[in-house]
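Please read the structure below before turning to the comments.
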Amino acid sequence: MEGTLKKYALLLATTSLALSPLNALAADDGSGLVFGVGVGYDQSNLDDFIEGTGGPSASSPDAELGTDIYIGFAANQSLTVRFGHRRFGDAESEVFNGLADVDLEADGFYAAVDLLFPVTDRFFVGGTLGNQGIDAELSAGGSSVDDDARNFYYGARAKWLLGESSALTAAYNLYSFEVDDAGEDIEYDTLAVGLEWRF
């Protein structure tokens, strides 16, 4: 009986020693909850949208600063599922040779999947596929029109690991939203940078 207990004790100790590297690897495989924030330049097609809906000739809007905040889960360093809120940069376009302005504001919630591939131990590149909703408000001359839309978007994404649980991100995304009774979609090209933390 004493010999059997010694064998079990030896087996338990050997198994614990053998699995300890796997436990360390599992703790550092990149999985966990993620939280991220980002800012980006959103270039809209407001001028094309105005003209495409039968409006007057409009000036091309400048790229404006938008924001991004999200939470999610990372299965590892390569696969992340995110849920967040995007506020697109406000767009302004001049019509009638600068006599009037048309403004576009849009924001909404999204879900996205990032699939990245390692280039080095700390640098990853890949793509994003997501579904973004927007609540858009188009205003001109003191009156405004509200509409909402939802559509898939896609883009390229990169991640640089800064430490054990933080990373710098960069992304380029393309968005297109079909608006009711409009002959042109609302579109955004976004170039963004951000910070991400894993818990």
Note to self: With the structure loaded, tell me whether Glu92 is acidic (Asp, Glu), over 30 Å from Leu33 (Cβ atoms), touching a residue at least 40 places away in the same chain (Cβ under 8 Å) and in a strand (DSSP E or B) or whether it fails that test.
What the structure shows: yes
Item checked: Residue satisfying all of: in segment 102-148; in contact with a Lys or Arg (Cβ under 7 Å, 6 or more places away or on another chain) and not small (Gly, Ala, Ser); surrounded by the fewest Cβ atoms within 10 Å (Cβ to Cβ) among these -> Asn131
Checklist line | Options Val145, Val81; residue that is in contact with a Ser or Thr (Cβ under 8 Å, 6 or more places away or on another chain), more than 16 Å from Gly66 (Cβ to Cβ) and assigned to a strand (DSSP E or B) | finding: Val145
Note to self: Name the single residue that is surrounded by the fewest Cβ atoms within 10 Å (Cβ to Cβ) among those in segment 57-101 being out of contact with any Asp or Glu (no Cβ under 6 Å at 6 or more places or on another chain) and of a type in the set (Phe, Trp, Tyr).
What the structure shows: Phe96
Next item on the list: Determine the pairs where a residue that is over 17 Å from Leu138 (Cα atoms), located within segment 169-184, has a partner that is among the aromatic types (Phe, Trp, Tyr) with Cβ atoms under 6 Å apart, the partner being 6 or more residues away or on another chain.
Entry: Asn173/Tyr153; Tyr175/Tyr153; Tyr175/Tyr188
Next item on the list: Filter segment 54-74 for residues that are modelled with pLDDT under 95 and small (Gly, Ala, Ser) and give the result.
Entry: Gly54, Gly55, Ser57, Ala58, Ser59, Ser60, Ala63
Notebook entry, point to check: Residues of segment 40-54 being surrounded by 17 or more Cβ atoms within 10 Å (Cβ to Cβ) and small (Gly, Ala, Ser), which ones?
Noted result: Gly40, Ser44
Margin query: Restricting to segment 162-186, give me the number of residues that are among the polar types (S, T, N, Q), open to solvent by 20 Å² or more (accessible area, probe 1.4 Å) and either closer than 11 Å to Trp197 by Cα or in a loop (DSSP other than H, G, I, E, B) (or both).
Written below: 2
Next item on the list: Of the numbered conditions (1) of a type outside the set (D, E, K, R); (2) at pLDDT 95 or above; (3) open to solvent by 70 Å² or more (accessible area, probe 1.4 Å), Val37 fails exactly one; give the number of that condition.
Entry: (3)
Next item on the list: Report yes if Gly66 is farther than 29 Å from Leu168 by Cα and touching a residue at least 40 places away in the same chain (Cβ under 8 Å), otherwise no.
Entry: no
Next item on the list: Kindly indicate which of Ser78, Ser93 is under 14 Å from Thr169 (Cβ atoms), at pLDDT below 95 and in contact with a strand residue (DSSP E or B) (Cβ under 8 Å, 6 or more places away or on another chain).
Entry: Ser78
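Conditions tested, residue by residue: (1) small (Gly, Ala, Ser); (2) under 10 Å from the mean Cα position of the chain (by Cα).
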{"residue": "Arg82", "(1), (2)": "no, yes"}
{"residue": "Glu92", "(1), (2)": "no, no"}
{"residue": "Ala100", "(1), (2)": "yes, no"}
{"residue": "Phe109", "(1), (2)": "no, no"}
{"residue": "Leu116", "(1), (2)": "no, no"}
{"residue": "Asp121", "(1), (2)": "no, no"}
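The values are calculated or read from the model by the stated rules, or taken from the named source; none is laboratory data. The model shown is predicted, which means the values in this text are computed figures rather than measured ones. Here the Cβ is made from the backbone with ideal geometry for all residues, glycine too, and neighbour counts use every protein chain on show. Only protein heavy atoms, including side chains, enter the accessible area calculation; ligands, DNA and RNA are left aside. Shrake-Rupley method; radii C 1.70, N 1.55, O 1.52, S 1.80 Å.
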